[in-house]
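All remarks here apply to the structure that follows.
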Amino acid sequence: MSTVELNADLTAKARIRQVALELFALNGADATSMRAISSRAGVTVGLITHHFGTKAGLIQAVEDDIIDGIQRAIAYKPSDANVDGVVRALDQRLMDHVDENPLVVAYLRRMMLIETNGEGTDVTERFTRMALDQIEDLRSRGIASTSRDAEDQVMQVMLVQLGQVLLQPFLQHIAGHLNRDPEQYRLSLRKTTP
């Protein structure tokens, strides 16, 4: 998206957050300066510090937006019906969200796999808490199993859902070396047993 398009569509605060997401995803938070963000967003560094305080504050705002978006995407809905329906609906909404938000996925890959201890980021901890909260919510509704520890269920969700999202380019690369169709290994719906 060009700077002109960003300026027309978003408030200054939202524009700053969007540009930061883009630059952090592409270059990493450590390699992205506040000046680069201000230049791309068409604002002053002072306006960034007015809205977010520090770079760490801006990273937190970007991650707040990412977490909120994912939480909305995968939230339980009564229309999801039975256990199998809930799992499939949650997976489908996650896949849709991933497809609609490639910068979010690029950011998560960078911050969770490369810059794991970067300034201001606690995204892995927040994802873990979000997954645990969701498991607990689904358990309270009688949807998620209570025969295993909730923590084990969180690990399974992280491996199956988040693991596929984060490792998708790697899997596509391997598929290419094995003369396989990389689309065959894209994030897919979990198979459940009744």
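Summary table
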quantity	calculated
Some residue of region 75-82 being closer than 21 Å to residue 121 by Cβ and touching a helix residue (DSSP H, G or I) at 6+ places or on another chain (Cβ under 6 Å)	no
Residues within region 20-57 that are open to solvent by 30 Å² or more (accessible area, probe 1.4 Å), polar (S, T, N, Q) and outside any helix (DSSP H, G or I), tallied	3
Boolean, residue 89 is open to solvent by less than 40 Å² (accessible area, probe 1.4 Å), at pLDDT below 85 and in a loop (DSSP other than H, G, I, E, B)	no
Count of region 127-154 residues which are within 18 Å of residue 88 (Cα to Cα) and aliphatic (A, V, I, L, M)	6
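Yes or no, residue by residue, for (1) more than 30 Å from residue 58 (Cα to Cα); (2) open to solvent by 40 Å² or more (accessible area, probe 1.4 Å); (3) in a helix (DSSP H, G or I); (4) at pLDDT 85 or above:
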residue: 107; (1), (2), (3), (4): no, no, yes, yes
residue: 121; (1), (2), (3), (4): no, no, no, no
residue: 133; (1), (2), (3), (4): no, yes, yes, yes
residue: 145; (1), (2), (3), (4): yes, yes, no, no
residue: 173; (1), (2), (3), (4): yes, yes, yes, no
residue: 179; (1), (2), (3), (4): yes, yes, no, yes
residue: 194; (1), (2), (3), (4): yes, yes, no, no
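The values are calculated or read from the model by the stated rules, or taken from the named source; none is laboratory data. These figures come from a predicted structure and were not determined experimentally. For neighbour counting, all protein chains shown are included, and Cβ atoms are generated from backbone atoms with ideal geometry for every residue, glycine included. Surface areas here come from the heavy atoms of the whole protein model, side chains and all, with no ligands, DNA or RNA. Shrake-Rupley method; radii C 1.70, N 1.55, O 1.52, S 1.80 Å.
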